[in-house]
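Visitor: First, the structure itself, so that you have it in front of you.
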Amino acid sequence: MWFFNSVIGKIFDILFLPFRGLSPWVAMIVISFLTGLLMLFIFRHTSNQEGIRRIKNKIKAHLLELRLYKDSLAQQLTSQGKILSANFKYFSYALKPMLVMIIPVMLILIQLNLWFGSHSLDIGDEALVKVKLMEGTNPLQTDIRLEVPPGIAVETPPLRIEDEGEIDWRLRATEKGIHNILFRYHDETFTKSVAVGQNRLSKIAVLKPGKGLLEQAFNPGEKPLPKNAPIESVEITYPGRRMNLFGWRIHWLIAYFGLSIVFGFAFRGVIKVEI
Amino acid sequence: MNHPIRRRDFIKSSLRAASLLALGTWCGLVTKAQGKKATSRKVIILGFDGMDPRLTDMWMKEGKLPAFQRLTVQGGFHSLGTSIPPQSPVAWSNFITGMNPGGHGIFDFIHRDPKTYIPTFSASATEDASKTIRVGNFVLPIKGGTVKNLRQGKAFWQILEEHDIPATIFKIPANYPPVSSKERTLSGMGTPDLLGSYGRFRYYTTEPKEIQEDIGGGEVHLVYVIGNRVEAKLPGPINTFKKDRPEAEIDFKVFIDPQNPVAKVVIQDQEFILGEKEWSGWKRVRFPLIPSQSVTGICMFYLKEVRPNFKLYVSPINVDPGNPALPISTPESYAKELEKKFGPFFTKGLPADTSALENEILDEEEFLEQDDFVLEESRAMLDYELGRFDSGLFFYYISSTDQRQHMFWRMLDEKHPAYDPALAKKFGGVIENTYREADRILDHVLGKIDKDTVVLVMSDHGFNPFNRGFNLNTWLRQNGYLRLRNEFKQEDLEIGFPSTDWSKTKAFGLGLNGLYINQKGREAEGIVQPGPDKENLVREIARKLEEFTDPKTGEKVVLKAYVARDVYSGAHVDEAPDIVLGFNRGYRISFKSPLGRVPKDVLEDNRAKWSGDHMGAAEIMPGILLANQPFKAESPALCDLTATIMDVFGIEKPEGMIGKTIFE
Ligand SMILES: [Zn+2]
């Protein structure tokens with residue numbers, strides 16, 4: 001899984017490389033544009049283009065009927081019924097491309113969440129590091145030590161929550177950089193990255209996964225923990241990020257889907273796709 | 001018919017609820033702040049609430065206030081005549097309008113409704129939405145409620161604005177809600193918390209505790225630690241959208257480490273860890289009201305103790321300046337602008353939690369830590385405003401001088417009933433340090449101004465000890481002016497006079513300095529005929545009050561009993577108390593008296609931490625005035641400063657303004 005994740009991750013790293021110093025909107029527009037094209041491409045090759053063209057013409061005809069026979073209630077109802085059934089048919093034609101698109105779109109979304117989902121810590125910010133232990137591991141009897149490099153300070157002793165199998169510390173960011181904090185458990189060590197002062201476009205791995213495949217699939221930003229660690233995941237509570245649109249704070253997902261759809265529609269003629 | 005009401009209910013009913021859900025009604029257009037004229041002369045006024053001329057003079061002479069000293073040499077230092085009575089809302093209203101209370105209509109923190117004898121807050125009033133519809137369990141406002149500033153007369157920055165002179169007014173007291181203006185103004189003292197009260201802390205503990213509400217509000221929530229976890233609720237504003245008007249509330253959890261002194265608070269989508277004796281900084285909380293409406297507020301958590309007893313303090317929930325549910329600034333965007341720049345900040349009128357200190361929820365150290373946050377925030381904003389101040393007037397206010405003198409005066413005086421030598425050793429320097437802080441602020445300002453800037457440093461009143469409390473209604477009862485229905489009853493501790501026999505009562509005390517005649521035709525059950533009867537009665541009571549001495553000390557309790565007609569002028573004189581008590585040094589109204597209680601004894605020792613005060617006769621309670629250019633006035637007073645502002649900008653003094661410029 002990690003091999004797969006790191007390959008996809010690299011693609012996005014390279015893709016976003018030119019935009020790292022710029023406003024996140026630039027990367028957002030580029031990725032939305034590419035996604036729009038990708039969707040059109042998939043749509044063109046997986047949908048019944050001829051069928052869609054026919055069904056759309058049919059709907060247009062029925063709409064015309066509606067207008068022409070305004071006074072005949074019976075005709076109105078028939079036309080409306082036909083429009084409805086044509087719509088169903090249209091959706092059935094679009095179903096296949098949708099199914100084909102789900103997987104790549106999911107992969108893109110998971111990657112984009114790394115880039116747009118969280119804000120790195122500012123200098124002076126505090127955050128929690130939350131270590132979730134394997135089920136059945138008692139945090140009171142698990143001696144995990146936390147060591148931090150310069151740039152990060154640990155401000156509290158471990159807070160152990162028995163019911164949740166969790167150990168938390170409070171960190172404070174003191175210097176800019178991508179820092180690796182280190183956990184020591186018996187003779188083993190493992191790390192988690194903490195991003196500080198990465199204010200423009202940057203990749204932020206909120207959670208470092210453990211063995212679970214699904215967890216790994218959804219958190220591809222950092223190499224999973226070694227198999228023998230008694231830990232399920234390590235998480236940093238980064239502040240959530242919002243895109244700033246003329247003072248409106250909007251979630252990146254909204255920006256992304258909005259832009260992708262706009263690009264898709266704008267370029268459907270260029271690529272000659274019937275949607 | 002009067003129903004006994006408890007102080008809590010009184011506070012709730014007077015201020016709460018409605019105010020909040022006036023959502024939308026006051027959100028006017030966001031206008032560009034500032035008049036446009038670039039003025040050649042500029043004015044900066046620093047208002048240090050409660051700074052006392054004797055202390056200032058003493059520490060200046062000891063060389064502890066070098067910036068004040070510099071200003072004294074440059075322009076001058078004088079005591080500044082205060083208002084009658086010298087309460088902050090009254091005094092600042094004098095300054096804001098250039099009138100006395102007869103003109104601006106604010107006579108006391110507390111006024112009364114003559115129809116019910118029930119105390120009301122003098123500064124602002126809120127009205128529920130006037131039109132509502134009910135949908136199931138919800139009551140939806142069609143026309144929003146409003147909150148109204150009760151001060152009459154124009155504020156000086158409104159007059160400046162008429163002449164196109166820009167002004168920035170930072171937290172001036174007695175300006176909530178801020179009067180309409182295009183200038184940048186942020187409301188100060190008088191601004192409620194999100195609950196509509198003057199500040200209610202929450203205290204979550206495993207150790208039961210009683211709260212004394214005379215000095216301010218708060219609530220103790222008894223909680224249990226089960227499996228190293230505490231579950232509790234944070235109550236918010238009254239949800240006026242719902243039929244039975246419940247309190248909106250938020251659940252939160254606290255996880256405690258079984259050995260280490262740390263705890264994690266999980267509230268809504270936030271989690272944070274606090275070590276013992278740590279503050280959380282501002283946390284934003286959202287109270288859902290109905291599916292489409294919610295209000296946000298900001299509060300601070302303080303983990304006082306983890307073991308053996310769990311103790312968590314939550315500050316009063318302040319109006320969120322980033323998303324204000326109440327009108328706290330003009331234009332509305334000004335508070336948001338400051339929030340964007342500095343993050344959340346104290347918006348509640350008097351931010352220091354004196355009530356938590358009084359009730360030993362916070363100790364002296366913790367109280368000061370919190371009040372230091374207030375100072376820190378204000379200093380940052382001072383810098384910001386100074387940085388862009390290039391024309392017109394800038395007023396800047398500091399509350400800590402007042403609040404700390406109230407709470408730490410007991411450390412200065414061995415004779416104070418609440419004096420504690422150990423505490424005095426540790427905190428005896430707090431007031432002096434606060435004056436030094438004021439000096440540093442002044443020094444900073446003086447370093448930033450050019451030669452065309454007039455700097456005025458002022459306080460609204462001075463300070464003196466509060467050793468003995470006077471129960472005015474008890475005194476009136478003993479002198480035959482006030483009767484209880486049951487004559488043998490030793491005392492009556494309900495507020496709002498539920499057991500008073502109005503048919504035999506000629507006068508009653510209400511508010512911090514006020515005495516009212518039970519006048520026929522004015523009070524609901526008045527018996528004293530207006531005219532000569534009343535006139536004679538007023539003079540008689542005033543004389544007796546001034547003659548009255550404290551059997552314990554042999555000193556006079558009331559130095560001056562001002563007859564309203566003699567000392568007030570303006571359109572609102574008729575609303576004034578008939579007599580205003582000016583106490584002697586060391587004396588003040590008791591904590592029980594202002595809301596109409598009749599305790600057993602006329603005088604009592606003040607054992608509260610609230611140990612300094614300023615309810616004295618105006619003659620012994622002046623504030624301070626310093627300027628960076630010589631002034632000639634022989635006995636300058638608050639109203640004269642308003643006239644001075646007009647003078648500096650060459651504006652003719654409007655009708656009703658009674659002062660004279662200090663520069664002539
Ligand atoms: Zn005061």
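The values are calculated or read from the model by the stated rules, or taken from the named source; none is laboratory data. Note that the coordinates shown come from a computational prediction; the quantities given were computed from them, not determined experimentally. So basically every Cβ, Gly included, is an ideal-geometry build from the backbone, and we count neighbours across all protein chains shown. Note: areas computed on protein heavy atoms with side chains; ligands, DNA, RNA excluded. Shrake-Rupley method; radii C 1.70, N 1.55, O 1.52, S 1.80 Å.
Visitor: Name the one entry in B:F272, B:F252, B:F287 that is open to solvent by less than 20 Å² (accessible area, probe 1.4 Å) and within 27 Å of the chain's Cα centre (by Cα). Give the derivation first.
Guide: Values: B:F272 fails: within 27 Å of the chain's Cα centre (by Cα); B:F252 fails: within 27 Å of the chain's Cα centre (by Cα).
Of the residues listed, the single one that is open to solvent by less than 20 Å² (accessible area, probe 1.4 Å) and within 27 Å of the chain's Cα centre (by Cα) is B:F287.
Visitor: Right, something else. Can B:R245 be described as within 14 Å of chain A (Cβ to nearest Cβ) and among the basic types (K, R)? Give the derivation first.
Guide: Numbers: within 14 Å of chain A (Cβ to nearest Cβ): no; among the basic types (K, R): yes.
Criteria not met by B:R245.
Visitor: Going by the structure shown, is B:G227 out of contact with any Leu (no Cβ under 8 Å at 6 or more places or on another chain), within 13 Å of another protein chain (Cβ to nearest Cβ) and at pLDDT below 95? If you could, list the steps in order and put the result at the bottom.
Guide: Values: out of contact with any Leu (no Cβ under 8 Å at 6 or more places or on another chain): yes; within 13 Å of another protein chain (Cβ to nearest Cβ): yes; at pLDDT below 95: yes.
Yes: the conditions hold for B:G227.
Visitor: A further question on this structure: Might you let me know whether the range B:628-642 holds any residue that is in a helix (DSSP H, G or I) and either among the polar types (S, T, N, Q) or modelled with pLDDT under 95 (or both)?
Guide: yes
Visitor: Say we look at the range A:3-44 and pick out the residues that are β-branched (V, I, T) and surrounded by 14 or more Cβ atoms within 10 Å (Cβ to Cβ); which of these is modelled with the lowest pLDDT? Steps first, please.
Guide: In the first step, residues of the range A:3-44 are kept if they are β-branched (V, I, T); the result is A:7-8, A:11, A:14, A:26, A:29-31, A:35, A:42.
Going one step further and asking which of them are surrounded by 14 or more Cβ atoms within 10 Å (Cβ to Cβ), we end up with A:8, A:26, A:29-31, A:35, A:42.
Working: A:I8: 89, A:V26: 91, A:I29: 93, A:V30: 93, A:I31: 92, A:T35: 89, A:I42: 86.
Looking at the filtered set, the residue picked out is A:I42.
Visitor: A further question follows. Quick one: how many residues across the range A:170-226 are away from chain B (no Cβ under 14 Å), of a type outside the set (D, E) and outside any loop (DSSP other than H, G, I, E, B)?
Guide: Total satisfying the criteria: 26.
Visitor: Now for a separate question. If you take the residues of the range B:388-446 that are polar (S, T, N, Q), out of contact with any strand residue (DSSP E or B) (no Cβ under 6 Å at 6 or more places or on another chain) and within 16 Å of B:E365 (Cα to Cα), which of them is surrounded by the fewest Cβ atoms within 10 Å (Cβ to Cβ)? Spell out how you get there, then give the answer.
Guide: We begin by selecting, within the range B:388-446, every residue polar (S, T, N, Q); these are B:391, B:399-401, B:403, B:405, B:433-434.
Add one more test, that the residue is out of contact with any strand residue (DSSP E or B) (no Cβ under 6 Å at 6 or more places or on another chain), and what stays is B:391, B:399-400, B:403, B:433-434.
So of that shortlist, the ones also within 16 Å of B:E365 (Cα to Cα) come out as B:400, B:403, B:433-434.
Values: B:S400: 22, B:Q403: 22, B:N433: 14, B:T434: 25.
For the range B:388-446, the residue satisfying everything is B:N433.
Visitor: Check every one of the strands (runs of 3 or more DSSP E) wholly within the range B:527-621 and list those with 3 or more residues that are in contact with a strand residue (DSSP E or B) (Cβ under 8 Å, 6 or more places away or on another chain) and under 23 Å from B:L80 (Cα atoms).
Guide: It comes to B:558-563, B:579-583, B:586-589.
Visitor: While we're here: Is it the case that B:A618 is touching a Lys or Arg at 6+ places or on another chain (Cβ under 9 Å), within 16 Å of the ligand (Cβ to nearest atom) and over 22 Å from B:M58 (Cα atoms)?
Guide: Numbers: touching a Lys or Arg at 6+ places or on another chain (Cβ under 9 Å): yes; within 16 Å of the ligand (Cβ to nearest atom): yes; over 22 Å from B:M58 (Cα atoms): no.
Spelling it out, it is not the case that B:A618 is touching a Lys or Arg at 6+ places or on another chain (Cβ under 9 Å), within 16 Å of the ligand (Cβ to nearest atom) and over 22 Å from B:M58 (Cα atoms).
Visitor: Right, something else. How many of the residues making up the range B:48-64 are within 13 Å of the ligand (Cβ to nearest atom) and under 28 Å from B:D452 (Cβ atoms)?
Guide: Going through the range B:48-64, the residues within 13 Å of the ligand (Cβ to nearest atom) turn out to be B:48-52.
Add one more test, that the residue is under 28 Å from B:D452 (Cβ atoms), and what stays is B:48-49, B:51.
Number satisfying all stated conditions: 3.
Visitor: Ok, one more. Please return the ranges of helices (runs of 4 or more DSSP H) entirely within the range B:309-389 where 2 or more residues are in contact with a Gly (Cβ under 8 Å, 6 or more places away or on another chain). If you could, list the steps in order and put the result at the bottom.
Guide: Numbers: elements: B:332-342, B:354-358, B:364-388.
Result: B:332-342, B:354-358.
Visitor: What are the residue pairs meeting all of these: first residue in the range B:257-271, first residue not assigned by TED's automatic domain parsing to the domain that holds B:A232, second residue open to solvent by less than 10 Å² (accessible area, probe 1.4 Å) and in a strand (DSSP E or B), Cβ atoms under 8 Å, and 6 or more apart or on different chains?
Guide: Cβ pairs passing all conditions: none.
Visitor: Same structure again: Of all residues in the range B:395-431, how many are within 16 Å of the ligand (Cβ to nearest atom) and touching a Lys or Arg at 6+ places or on another chain (Cβ under 7 Å)?
Guide: So the count comes out to 5.
Visitor: Restricting the range A:140-150 to residues that are surrounded by fewer than 16 Cβ atoms within 10 Å (Cβ to Cβ) and more than 9 Å from every other protein chain (Cβ to nearest Cβ), which is nearest to B:R229 (Cα to Cα)? Please lay out each step first, then the result.
Guide: Step one: list which residues in the range A:140-150 are surrounded by fewer than 16 Cβ atoms within 10 Å (Cβ to Cβ), which gives A:140-141, A:143, A:145, A:147, A:149-150.
Next, from what is left, pick out any that are more than 9 Å from every other protein chain (Cβ to nearest Cβ): A:141, A:143, A:145, A:147, A:149-150.
Values: A:Q141: 19, A:D143: 22, A:R145: 24, A:E147: 27, A:P149: 32, A:P150: 33 Å.
Only one residue fits best here, namely A:Q141.
Visitor: Looking at (1) at the interface with another protein chain (Cβ under 10 Å from one of its Cβ atoms); (2) assigned to a loop (DSSP other than H, G, I, E, B), find the lone condition where B:F255 falls short.
Guide: (2)
Visitor: Just need a number here: residues in the range B:230-240 that are open to solvent by less than 10 Å² (accessible area, probe 1.4 Å) and either within 11 Å of chain A (Cβ to nearest Cβ) or farther than 24 Å from A:D163 by Cβ (or both).
Guide: The initial filter retains those residues of the range B:230-240 that are open to solvent by less than 10 Å² (accessible area, probe 1.4 Å), namely B:230, B:234-237, B:239.
The next check asks that each one be either within 11 Å of chain A (Cβ to nearest Cβ) or farther than 24 Å from A:D163 by Cβ (or both); those that pass are B:235-237, B:239.
Total meeting the criteria: 4.
Visitor: Within the range B:258-278, how many residues turn out to be assigned to a strand (DSSP E or B) and under 17 Å from A:L171 (Cβ atoms)? I'd like the intermediate steps shown before the answer.
Guide: Quick first cut of the range B:258-278, residues assigned to a strand (DSSP E or B) only: B:262-267, B:270-275, B:278.
From what's left, under 17 Å from A:L171 (Cβ atoms): B:262-265, B:270-275, B:278.
Going through the range B:258-278 one residue at a time, the tally reaches 11.
Visitor: Something else about it: Are any of the residues in the range B:456-464 more than 16 Å from the ligand (Cβ to nearest atom) and in the same structural domain as B:G76 (by TED's automatic domain parsing)?
Guide: yes
Visitor: B:F373: in contact with a strand residue (DSSP E or B) (Cβ under 6 Å, 6 or more places away or on another chain), in contact (Cβ under 8 Å) with a residue 12 or more places away in the chain and either within 16 Å of the ligand (Cβ to nearest atom) or not assigned by TED's automatic domain parsing to the domain that holds B:V580 (or both), yes or no?
Guide: Working: in contact with a strand residue (DSSP E or B) (Cβ under 6 Å, 6 or more places away or on another chain): no; in contact (Cβ under 8 Å) with a residue 12 or more places away in the chain: yes; either within 16 Å of the ligand (Cβ to nearest atom) or not assigned by TED's automatic domain parsing to the domain that holds B:V580 (or both): yes.
For B:F373, the condition - in contact with a strand residue (DSSP E or B) (Cβ under 6 Å, 6 or more places away or on another chain), in contact (Cβ under 8 Å) with a residue 12 or more places away in the chain and either within 16 Å of the ligand (Cβ to nearest atom) or not assigned by TED's automatic domain parsing to the domain that holds B:V580 (or both) - is not met.
Visitor: Filter the range B:465-498 down to residues that are among the small types (G, A, S) and more than 16 Å from the ligand (Cβ to nearest atom) and give me whichever is farthest from the other protein chains (Cβ to nearest Cβ). Steps first, please.
Guide: Looking only at the range B:465-498, we keep the residues that are among the small types (G, A, S), and these are B:469, B:480, B:496.
Imposing the further condition that a residue be more than 16 Å from the ligand (Cβ to nearest atom) reduces the set to B:480, B:496.
On the way: B:G480: 65, B:G496: 48 Å.
Residue satisfying both the conditions and the ranking: B:G480.
Visitor: Within 24 Å of B:N228 (Cα to Cα), more than 14 Å from chain A (Cβ to nearest Cβ) and surrounded by fewer than 23 Cβ atoms within 10 Å (Cβ to Cβ), is that true of B:N309?
Guide: Yes, satisfied.
Visitor: Then there is this: Take the range A:179-210 and flag every residue that is open to solvent by 30 Å² or more (accessible area, probe 1.4 Å), of a type outside the set (S, T, N, Q) and within 21 Å of the chain's Cα centre (by Cα). Walk me through it before giving the result.
Guide: First, pick out the residues of the range A:179-210 that are open to solvent by 30 Å² or more (accessible area, probe 1.4 Å): A:180, A:182, A:184-189, A:191, A:198-200, A:203, A:206.
Checking which are of a type outside the set (S, T, N, Q) leaves us with A:182, A:184-188, A:200, A:203, A:206.
The answer is A:R200, A:K203, A:V206.
Visitor: In the range A:151-169, is there at least one residue being away from chain B (no Cβ under 14 Å), open to solvent by 40 Å² or more (accessible area, probe 1.4 Å) and in a loop (DSSP other than H, G, I, E, B)? Can you show your working first?
Guide: Here is the first cut: in the range A:151-169, the ones away from chain B (no Cβ under 14 Å) are A:151-152.
From what's left, open to solvent by 40 Å² or more (accessible area, probe 1.4 Å): none.
Among the residues of the range A:151-169, not one is away from chain B (no Cβ under 14 Å), open to solvent by 40 Å² or more (accessible area, probe 1.4 Å) and in a loop (DSSP other than H, G, I, E, B), which makes the answer no.
Visitor: Would it be correct to say that B:S355 is touching a strand residue (DSSP E or B) at 6+ places or on another chain (Cβ under 6 Å), of a type in the set (G, A, S) and within 15 Å of the ligand (Cβ to nearest atom)?
Guide: Working: touching a strand residue (DSSP E or B) at 6+ places or on another chain (Cβ under 6 Å): yes; of a type in the set (G, A, S): yes; within 15 Å of the ligand (Cβ to nearest atom): yes.
Taking the combined requirement at face value, the residue satisfies it.
Visitor: Can you find, within the range B:189-224, the residue that is nearest to the other protein chains (Cβ to nearest Cβ) among those that are surrounded by fewer than 15 Cβ atoms within 10 Å (Cβ to Cβ) and over 12 Å from B:V314 (Cβ atoms)?
Guide: Here the residue is B:Y224.
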